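Novice: Here you go, one structure.
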């Protein structure tokens, strides 16, 4: 069984599109009918996120300690049900139809993929250009995103799983995997589409990265 892990903190507005895209990826013919189960970690949710997850037949687990604990709780629930591969994304992200197939056929125990932002509303064009220079969807890229990350169950267990951090749990996990000598495929494809929203769900996460990037662009001297 393939598991998809999705941490969510009050994501009722966005998680439906995420789950729809995951279900499409689960139907890819390259998976040859292998079951795909979705695990949504409800991190202090007070909106309709749980109801929407239930409509998409996702398993849910409640957490209260931030995104690292949420991703870890989803992973533990998946492993308990016999998952052999853990594919991680975010509730404000949409994955392509070949997302799971691409991870499983990456040729390694770990997959690290890039992200693309579809809607740059509210950001200046210089911020967008700076991001696109930084996040180039090519093989052997240096990036780690919880929104586009995959790992075999054996490799995950070998290093103790996601640390329960308030942010950076994805980077910390990949660092542990690399230190253990586990093969990591850093592929430019499949790439996922994520949100550039300013209202961060996790302090220090992707929204904060974009805010810092914008500030550095605005502070840079004009050419």
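The values are calculated or read from the model by the stated rules, or taken from the named source; none is laboratory data. This structure is a prediction, so every number in the text was calculated from the model and none was measured. Quick reminder, even Gly has a Cβ in these numbers, built from the backbone with ideal geometry, and neighbours come from all protein chains shown.
Novice: Go through segment 7-51 residue by residue and tally those that are over 26 Å from residue 104 (Cβ atoms), over 19 Å from the mean Cα position of the chain (by Cα) and assigned to a helix (DSSP H, G or I).
Specialist: Residues flagged as over 26 Å from residue 104 (Cβ atoms), over 19 Å from the mean Cα position of the chain (by Cα) and assigned to a helix (DSSP H, G or I) within segment 7-51 amount to 1.
Novice: Next question, about the same structure. Taking residue 218, is it at pLDDT below 75, surrounded by 19 or more Cβ atoms within 10 Å (Cβ to Cβ), in contact with a helix residue (DSSP H, G or I) (Cβ under 9 Å, 6 or more places away or on another chain) and assigned to a helix (DSSP H, G or I)?
Specialist: no
Novice: Same structure, new question: Residues to consider are 154, 139, 119; find the one that is in a helix (DSSP H, G or I) and surrounded by fewer than 21 Cβ atoms within 10 Å (Cβ to Cβ). Show your work before the answer.
Specialist: Details: 139 fails: in a helix (DSSP H, G or I); 119 fails: in a helix (DSSP H, G or I).
Result: 154 is the single residue among 154, 139, 119 that is in a helix (DSSP H, G or I) and surrounded by fewer than 21 Cβ atoms within 10 Å (Cβ to Cβ).
Novice: Residue 126 is checked against (1) surrounded by fewer than 19 Cβ atoms within 10 Å (Cβ to Cβ); (2) in contact with a helix residue (DSSP H, G or I) (Cβ under 8 Å, 6 or more places away or on another chain); (3) assigned to a helix (DSSP H, G or I); (4) at pLDDT below 80 and fails just one. What number does that condition carry?
Specialist: Residue 126 satisfies all of (1) surrounded by fewer than 19 Cβ atoms within 10 Å (Cβ to Cβ); (2) in contact with a helix residue (DSSP H, G or I) (Cβ under 8 Å, 6 or more places away or on another chain); (3) assigned to a helix (DSSP H, G or I); (4) at pLDDT below 80 except (4).
Novice: Could you say which residue among 111, 131 is touching a residue at least 24 places away in the same chain (Cβ under 8 Å), surrounded by 19 or more Cβ atoms within 10 Å (Cβ to Cβ) and not in a helix (DSSP H, G or I)?
Specialist: Values: 131 fails: not in a helix (DSSP H, G or I).
Answer to the selection: 111.
Novice: Another one. Scan segment 97-108 for residues that are touching a strand residue (DSSP E or B) at 6+ places or on another chain (Cβ under 7 Å) and surrounded by fewer than 22 Cβ atoms within 10 Å (Cβ to Cβ) and report the count.
Specialist: 4
Novice: For segment 185-207, give me each residue that is modelled with pLDDT of 95 or more and either over 18 Å from residue 142 (Cβ atoms) or crowded, with 18+ Cβ neighbours inside 10 Å (or both). Give the derivation first.
Specialist: The first filter runs over segment 185-207 and keeps only residues modelled with pLDDT of 95 or more, leaving 185-193.
Answer for segment 185-207, where residues must be modelled with pLDDT of 95 or more and either over 18 Å from residue 142 (Cβ atoms) or crowded, with 18+ Cβ neighbours inside 10 Å (or both): 185, 186, 187, 190, 191, 192, 193.
Novice: Against the condition within 18 Å of the chain's Cα centre (by Cα) and at positive phi, how does residue 82 come out, does it pass?
Specialist: Values: within 18 Å of the chain's Cα centre (by Cα): no; at positive phi: yes.
No: the conditions fail for residue 82.
Novice: Another question, then. Tell me yes or no: at least one residue of segment 18-40 is within 24 Å of residue 165 (Cβ to Cβ) and either surrounded by fewer than 14 Cβ atoms within 10 Å (Cβ to Cβ) or free of Cβ contacts under 8 Å to residues at least 40 places away in the same chain (or both).
Specialist: Yes.
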